[in-house]
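Heads up: the structure comes next, in structure tokens.
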Amino acid sequence: MEKEREELVYSGPVIEFVTVAREVYVFLEQAGSFSRSDFIQKSRKILPLLYYKAGLLPYTEPFYEEGTEKFVTEDDWQRVHDAILKKLGRYNDYPEVFDPVYRDTEDNVGGSIAGDMADIYQDLKDFLMVYRMGTIELMNDSLFECVQHFEQYWGQKLINSLRVLHSIVYSGEGIADEEEGEDENNDRRNRDGWIFSQRKKLWNDKEE
């Protein structure tokens, strides 16, 4: 059983995912260093690759009953979120049921690319920090959680953001440069649906 678990965590699909996941989380941490156009263009190219590699991950069963250690703090999440929000400005918000025709209609706004990407960042970095420990059982459980979270949370968020990014790039309008102050109101949002808030609420409920 131990040998099978070791072969699984070091299998080709897992190693390939690890490589792409690391590239994505480093890219998101450095969001502020890109121009708006470069950030959008790179995002729409790297996100499909991440989705593809995540979809190839093998299933496994957890070794430990408790979950793996978490490394990304709320401050880490917020820092990445705010950097992306500032970078995207008025392009950040989108309707939950995405329709390019109604992209700028206030009543339909419910999604946030910055929120989606910060959630993806959180899961990828938590996964990689545990995986790099090199303990087979922990690597196995980290893989188990990553597959679960991809299927239940951030896979859909990735697709939602990608649809918006595709529309921005191919709308024919061009991508406007960053404008000072244009994102001042973009962070007045309900975060109840974001992964960090969901898990924080879950943890609090368990403690009560």
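The values are calculated or read from the model by the stated rules, or taken from the named source; none is laboratory data. This one's a predicted model, so the numbers in the text were calculated from it and none came from an experiment. Because the Cβ atoms are built from the backbone with ideal geometry, glycine has one as well, and the counts that use them run over all protein chains shown.
Can you confirm whether residue 166 is at pLDDT 70 or above, over 30 Å from residue 3 (Cβ atoms) and either of a type outside the set (Phe, Trp, Tyr) or not in a helix (DSSP H, G or I) (or both)? Answer is yes for this residue. Of a type in the set (Asp, Glu), out of contact with any strand residue (DSSP E or B) (no Cβ under 6 Å at 6 or more places or on another chain) and at negative phi: does that describe residue 93? Criteria not met by residue 93.
Within the range 1-19, the set of residues being surrounded by fewer than 17 Cβ atoms within 10 Å (Cβ to Cβ) and not basic (Lys, Arg) comprises 1, 2, 4, 6, 7, 10, 11, 12, 13, 15, 16, 19. Taking the criterion of being surrounded by 15 or more Cβ atoms within 10 Å (Cβ to Cβ) and either touching a strand residue (DSSP E or B) at 6+ places or on another chain (Cβ under 6 Å) or within 24 Å of residue 136 (Cβ to Cβ) (or both), the residues of the range 24-55 that qualify are 25, 53, 54. Residues in the range 100-129 that are assigned to a helix (DSSP H, G or I) and at pLDDT below 95: 100, 101, 102, 106, 107, 108. Checking each residue in the range 56-77 for being surrounded by fewer than 16 Cβ atoms within 10 Å (Cβ to Cβ), in contact (Cβ under 8 Å) with a residue 40 or more places away in the chain and over 15 Å from residue 139 (Cα atoms) picks out 56, 74. Pairs are defined by a Cβ separation below 8 Å, a sequence spacing of at least 6 or placement on different chains, a first member in the range 30-50 that is farther than 16 Å from residue 81 by Cβ and assigned to a loop (DSSP other than H, G, I, E, B), and a second member that is of a type outside the set (Phe, Trp, Tyr) and modelled with pLDDT under 95; the pairs so defined are 35/177; 35/178. Selection of the range 122-163 for residues being of a type in the set (Val, Ile, Thr) and in contact (Cβ under 8 Å) with a residue 12 or more places away in the chain yields 130, 136, 147, 159. Screening the candidates 142, 161 for the property of being at pLDDT 90 or above, in contact with a Ser or Thr (Cβ under 8 Å, 6 or more places away or on another chain) and more than 20 Å from residue 68 (Cβ to Cβ) yields one hit, 161.
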